[in-house]
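The values are calculated or read from the model by the stated rules, or taken from the named source; none is laboratory data. The model shown is predicted, which means the values in this text are computed figures rather than measured ones. Heads up, the Cβs are rebuilt from the backbone with ideal geometry, glycines too, and the neighbour counts pull from every protein chain shown.
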C-alpha cells in the first residue's frame, strides 16, 4: 500500500483498535485462478504472533479455501471511517481555484501466511467467541448454545476455519495531515455542516491528527 509519511500509522495498538472496531475484513489471496477475495468477520487475538492472529471462517462452497497459494502472503484489509472532502472547503478555492476534492479514510492491511483449520473444537470455540463478542451489547445476547446442538454441528460441517498469524501490519490514516492549519479548519467546518454521524467522526479524526 502506498503510504505517504504524513499518513503513516505505526502504532500497533491504534491499528488493533481499528481492526477490533471494524471487524469485517476483506481477505485477499492468490491462487491458480488469480486473485480472490472474501468479506468475512474476523477475530483478532493479540497473542501467538508479534502483531496478533486473525481467525475467521468461510463456507466450504467458497472456492477460496481450495485455491490459494500458501507460499504467497494473504492480505486482510480492514477499512475504518471514511468521508468525501469537498474542494469548496479549502480557502484556496476562493483565492485561486487551485483545489480539487479528495477522500479521507483510515485503513489497516494485515499480511501473513494463511492456514486452514478443520478441527471441530477449534471451529466451535471460534463461533462462540465471534458470537459472544458481537452479542455483548444486546439486551438479551444470543448464544451458540441457544440453537439445537445437532443443528450447529451440521453447520460446522459446512465451514472451514481460517487462521492468519500477522507477519506485518500497515496503517494509513489519511485525515488531512498534509494540509495547512487554515485548510484543516475549512475541512472541519465543512464536515461539521454536513452533520452526519460519519462526517462528525471524520471531523474529530481531523482534529485529533492536526
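For residue 75, work out the one condition from (1) surrounded by 15 or more Cβ atoms within 10 Å (Cβ to Cβ); (2) farther than 30 Å from residue 185 by Cβ; (3) in contact (Cβ under 8 Å) with a residue 60 or more places away in the chain it doesn't fulfil.
Residue 75 satisfies every listed condition except (3).
With respect to residue 83, is the statement that it is closer than 17 Å to residue 166 by Cβ, surrounded by 18 or more Cβ atoms within 10 Å (Cβ to Cβ) and under 19 Å from the mean Cα position of the chain (by Cα) true?
Judged against the criteria, residue 83 is not a match.
Return the residues of the stretch 175-198 that are within 22 Å of the chain's Cα centre (by Cα), at negative phi and crowded, with 18+ Cβ neighbours inside 10 Å; say none if nothing qualifies.
175
For the condition within 25 Å of the chain's Cα centre (by Cα), at negative phi, assigned to a helix (DSSP H, G or I) and surrounded by 14 or more Cβ atoms within 10 Å (Cβ to Cβ), what is the one hit in 130, 162? Quick ask: steps written out before the conclusion?
Values: 162 fails: assigned to a helix (DSSP H, G or I).
After ruling out the rest, the residue left standing is 130.
Restricting attention to the stretch 13-28, does a residue exist that is surrounded by 19 or more Cβ atoms within 10 Å (Cβ to Cβ), part of a strand (DSSP E or B) and in contact with a helix residue (DSSP H, G or I) (Cβ under 7 Å, 6 or more places away or on another chain)?
No, the conditions are met nowhere in the stretch 13-28.
Does residue 82 count as outside any strand (DSSP E or B) and over 27 Å from residue 125 (Cβ atoms)?
no
Of the numbered conditions (1) under 30 Å from residue 180 (Cα atoms); (2) in contact with a strand residue (DSSP E or B) (Cβ under 9 Å, 6 or more places away or on another chain); (3) surrounded by 16 or more Cβ atoms within 10 Å (Cβ to Cβ), residue 65 fails exactly one; give the number of that condition.
Condition (1) is where residue 65 drops out.
So, in the stretch 85-122, how many residues would count as being part of a loop (DSSP other than H, G, I, E, B), over 25 Å from residue 204 (Cα atoms) and at pLDDT 95 or above?
Residues meeting the conditions: 4.
Where the second residue is loosely packed, with under 15 Cβ neighbours inside 10 Å and at pLDDT below 95 and the first is within 18 Å of residue 6 (Cβ to Cβ) and lies in the stretch 185-210, which pairs have Cβ atoms under 8 Å and are six or more apart or on separate chains?
Filtered contacts from the stretch 185-210: 186/91.
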